[in-house]
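**Student:** My questions will all concern the structure given below.
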Amino acid sequence: RAAAKAAEDAPPSSRCAPGWHAYGAGERPARLQLDLSTVKLQAVEVSGDYNIWFGRYSGERGYARSAPAATRCHLDTDAGLTIADHTESNAPLCLHFAHGACGYGKNCNFRHRAPLEADESSGETRVDIFGRERHATFRDDMGGVGSWQRDQRTLYIGRVCVTGAEAEVHATVWNHFSEWGEIEYCRVLMTKGCAFVSYRLRCAAEFAKEAMADQALEKDEQLNLRWASEDPNPRAKTERLRLSAKLLLDAMRARGHAPPDGGAEPYAHGYADEADEQDAKRARGEDGSVVALPAKPRTRAEAEAEAAELAAAAAEEVEAEAALAAA
């Protein structure tokens, strides 16, 4: 109570992160999302140990469909100052706040705001934005907290209601998911009823995955959110390498261990696999086997130049073998 009273009476701290200022929160205290006095708590009857990997008790059905979300977070009305903004500068975000069901409001020991770029750079890679430990690998169903070995920023969104025009569905997905952070890529697959959303920050993707789990868009659907599998496209792989290398260089420059800005950025000349992209792509034959796509047509000059290079290489190899035999 003393800490809550001090947080309420104290002036806005200089350590308070300005993540929710963009949503018109000002210096207000965080709103109480859920009244705990009206919620009946009941222990779950189980007969086994709790598996932190799959998030359930032993013996429970692994693929049972969860209930639709009863609450939802609204940053424009729910975000605000908590005790953590005045007492602990590195406190993680509140998981219940992301679900729209935090019953502590301004007295919460975790932050009630949107994720920031500062959270991306200052946080540890082994924990997520909510302070939960990440694993070495992803779960088989691509759910859960995720892996610390890959900078995952793309979400798979299943059970999307695709009735209507594609542009309308795309705008609906974009409007609902852009509340949690800056979106770099959004694609809707109308034939499969799913979508893919890629955020600029990993922490924003982690927050959106929890905030939109089992939620509905404009219809009565119940969204199924998972981490997206790795894109096998060569251009996408090279883009991920470029972003990872850029983040590493920025961190090294901040500590004075790398050349200042203005040097050559990784893959600044283009995609490293651009020349081999055609060979990397594959197609499916009639029997389902993987076959290589036809090579790109070449000009007569290119063919003659390649033949000359092969002949020169063969001549050098013959000379090397003769010199070895003479020795």
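The values are calculated or read from the model by the stated rules, or taken from the named source; none is laboratory data. All values derive from a computational prediction rather than experimental measurement. As a convention, Cβ positions derive from the backbone with ideal geometry for all residues, glycine included, and neighbour counts pool all protein chains shown. When the accessible area is computed, the model is the full protein with side chains, heavy atoms only, and any ligands, DNA or RNA have been set aside. Shrake-Rupley method; radii C 1.70, N 1.55, O 1.52, S 1.80 Å.
**Student:** In the neighborhood of F97, defined by Cβ-to-Cβ distances under 9 Å, what is the net charge if each Lys or Arg adds +1 and each Asp or Glu adds -1? The partial results should precede the final answer.
**Tutor:** Numbers: positive: R111, R113; negative: D78.
The answer is +1.
**Student:** Which far-off residues, 5 or more places away or on another chain, put their amide H under 5 Å from the one on N224, with H placed in the peptide plane?
**Tutor:** G158, R159
**Student:** Quote the accessible area belonging to T87 in square angstrom, nearest 10, computed with a 1.4 Å probe and with ligands, DNA and RNA left uncounted.
**Tutor:** 90 Å²
**Student:** Quick check: net charge around L324, other residues with Cβ under 14 Å of its Cβ, Lys/Arg +1 and Asp/Glu -1?
**Tutor:** Values: positive: none; negative: E316, E317, E319, E321.
Within the 14 Å Cβ shell, the charges total -4.
**Student:** Continuing with this model, one more query. Normalised by the number of residues in segment 117-186, what is the relative contact order in percent for Cα pairs under 8 Å and 6+ residues apart? Could you put the intermediate results ahead of the total?
**Tutor:** Working: 39 pairs, mean separation 10.9, N = 70.
Relative contact order here is 16 percent.
**Student:** Under the Karplus relation 6.51 cos²θ - 1.76 cosθ + 1.60, θ = phi - 60°, what is the ordered set of whole-Hz ³J(HN,Hα) values for segment 153-162, x standing for Gly and Pro?
**Tutor:** Rounded to whole hertz, the list is 10, 10, 10, 9, 10, x, 6, 7, 6, 10.
**Student:** Right, another one. Give the ranking of Y185, Y156 by solvent-accessible surface, highest area first, calculated with a 1.4 Å probe.
**Tutor:** Values: Y185 105, Y156 70 Å².
Output order, biggest surface exposure first: Y185, Y156.
**Student:** In the full protein assembly as shown, how much of E230 is accessible to a 1.4 Å probe, in Å² to the nearest 10?
**Tutor:** About 100 Å², rounded to the nearest 10.
**Student:** Where does each of R300, R200, R72 land when they are ordered by accessible area, with a 1.4 Å probe and the largest first? Walk me through the intermediate numbers first.
**Tutor:** Values: R300 185, R200 85, R72 50 Å².
So the residues, ranked largest to smallest area, are R300, R200, R72.
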